[in-house]
Structure formats: structure tokens, C-alpha cells
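Enquirer: Mind having a look at this structure? Questions to follow.
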Amino acid sequence: MRLIVHIGLHKTGTTTLQRDVLIGKSGYLGKFENNRNDHPYEVSELSDLVTRFHLLDRAERRERVSAYVDRLFRIAETFRTPTSLKISEERLSNWMETGDEGNRWPIRYGDAAHAVFAPRRHRIPFVSLLEEDLLPTLAARGGSLRVVLSLRNQPEWLGSFYAQSASRIRGAGQRNFETQIAALIAGRDASIDFMEMVRSLEAVLGRDGLRILLQEDMGAPDFADRAVEAFDLQDCALGMRLMSSRNVKSSGEGLWKIKGRKGRWPDLFGRTGSPEIRLTDALRDRIRSHCAAGNAALAGYMGRDLAALGY
């Protein structure tokens, strides 16, 4: 039995992959299946194991992972022909921090948006769970695992990420957006070094256990073929032209409108910022310059010209 896990990142076309590529396909266990918008056990349990990785003792983790893998094998046995089981959940790529389990890196919100944190340099908990528990348990029972990682050029990714998180940021707006970007760059925060994540995943999975999809490719003629191979959908034809994303928040080239907190009291968060953020040419160039070395390594790894895609 092969388990294929798509871990995001957030804001990289994950909803498109879930609704246009995976839904209705044999072995898919994720959200939106059968018109459900909730998280079935197979997704929520894995997400919880990742979220609480540093809080659970190893014995409890191993017991839960063993029961989880047992359940996956029972599901796999219900198919008439060998079928890869597929999970897509962007929360699996979260960079959890003590006392802030819900933080979706790299943008900080709430009081954390104005706090000073040490830059993140460790790998995401999902990689640790793979190495210490999930992969050994699967391998012991004859199973295997593949991870699908979806990416998006850092300037657009950070802008989209901020726009999504803005309703929870006090004083959200252009000034805070630029302040957060400056902090990520000054701290050389690992969350915007995509090649570092690729290396950490490959070190555990091997090169054949990792696939990378780019949000910029969605809509290109060959993207369907890339997705079919990554998710082991060889018996399926996607049969449609994939669009860039279902939940685009951008209101123009490099421009995102941001909304205040919903409810009767829109100023509850003390929102004093601007109603939109703009990815200026100077800011875009600064992000690209900072990420240049890692992105050059990523381009070499993928054998592609990523600079033309904004990386």
C-alpha cells in the first residue's frame, strides 16, 4: 500500500488540487470528497499527530501511529485493485511554535504580529513524524509513502498569505506587511527558504519519495500530466483545463484587498492600517534577492528555469 500525502504549502493552489484533481478519484481520503467540507478521520488524526508532535511522548505517538496505519491498510483492502491512498492537507506544513499551535507560518497575526521571535531554523514537525514514526511503521508492514509539496514564488506567496491572515492582525496594512517581510529577511527565517524544506524532506524520503508541483504551472497544458504522475492517477484522465486557483484573493497585479474582522465591532482589533496591500517592485525585488541562492538550488534540483516564474 502506498500513501501519498500532499502537505501544501498554504496558498499554493491547494483548493484547486483538492477539488479539481483529487476529488472523486480512487483512494482519495481528503476534504471536499462527497461534497464534504470537513476533515475526515484520516486527515484530522494525521494533522493532530503533527500539531502535537512535541507534546506527545514517544510511546503514545507510536501507539497512535500504529493504529492509524492499521486503519489505512484496512481501507486499502476495500479496493478491488491496488490503489494508492491520497491525503491533501495544507496544515501538515505548519511550522508550529510553543504556545501558538495554530500559527500558520510565515505571517504572524494577533499579538504575535508585533512580537519579536527567534527566527525558525528547525524542520517542520511533519518531517520529524515521518522519520521517527510514520515511515518506519509503514515500511514494517510493506507500505510506502510519497509526499507532494506545492510551492509558489515567495513574493506572491507572502502577499497572498498576508491577505488571508489580515483579519487577525491588529493594524493590518501596508506598513505591517512590509515590517513582517523585513523581519523574515533580517532573521534569515527558514520558512521562506523552500530548498531547505525540500532537502529536509528528501533526506527522509529519498528523491523518489518527493514530488514538487508549482502553483504557477496551473493552467499550463502539461500540468494535468504532472498532477496525474504526482498523485499516482495513472488510470484517470483529469479531462479539464486546470485554472490557476479557486480562491484567489488578489485584486490586481501584486495587489490584495484586506478585510477587517467580521462582526458588529470592526475596530475591535484596533485596525488602523490600509485596506489593501501592494507588492511593490522594490519589495518584490528585495524578497527575490534574499531567496535567490535557495531558489537557484531549487531550480537546479527541478531542472527548470524558476526565475521566469517569479522565484
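The values are calculated or read from the model by the stated rules, or taken from the named source; none is laboratory data. Given the structure is predicted, the values throughout are model-derived calculations rather than measurements. Cβ atoms come from the backbone with ideal geometry, glycine included; neighbour counts cover every protein chain shown.
Enquirer: Any idea which of (1) free of Cβ contacts under 8 Å to residues at least 40 places away in the same chain; (2) part of a strand (DSSP E or B) is the one Glu202 doesn't satisfy?
Expert: (2)
Enquirer: Looking at the structure I just gave you, is Asp225 of a type outside the set (Ser, Thr, Tyr), modelled with pLDDT under 95, surrounded by fewer than 18 Cβ atoms within 10 Å (Cβ to Cβ) and part of a helix (DSSP H, G or I)?
Expert: Considered against the rule, which asks whether it is of a type outside the set (Ser, Thr, Tyr), modelled with pLDDT under 95, surrounded by fewer than 18 Cβ atoms within 10 Å (Cβ to Cβ) and part of a helix (DSSP H, G or I), Asp225 comes out as yes.
Enquirer: Restricted to segment 198-209, and to residues that are closer than 15 Å to Gly300 by Cβ and touching a Leu at 6+ places or on another chain (Cβ under 8 Å), which residue is surrounded by the fewest Cβ atoms within 10 Å (Cβ to Cβ)?
Expert: Only one residue tops the list, namely Glu202.
Enquirer: Turning to a different aspect of this structure: Looking at segment 8-32, which of its residues are assigned to a loop (DSSP other than H, G, I, E, B) and either of a type in the set (Lys, Arg) or more than 16 Å from Asp232 (Cα to Cα) (or both)?
Expert: Scanning segment 8-32 gives Gly8, Leu9, His10, Lys11, Thr12, Gly13, Lys25, Lys31, Phe32.
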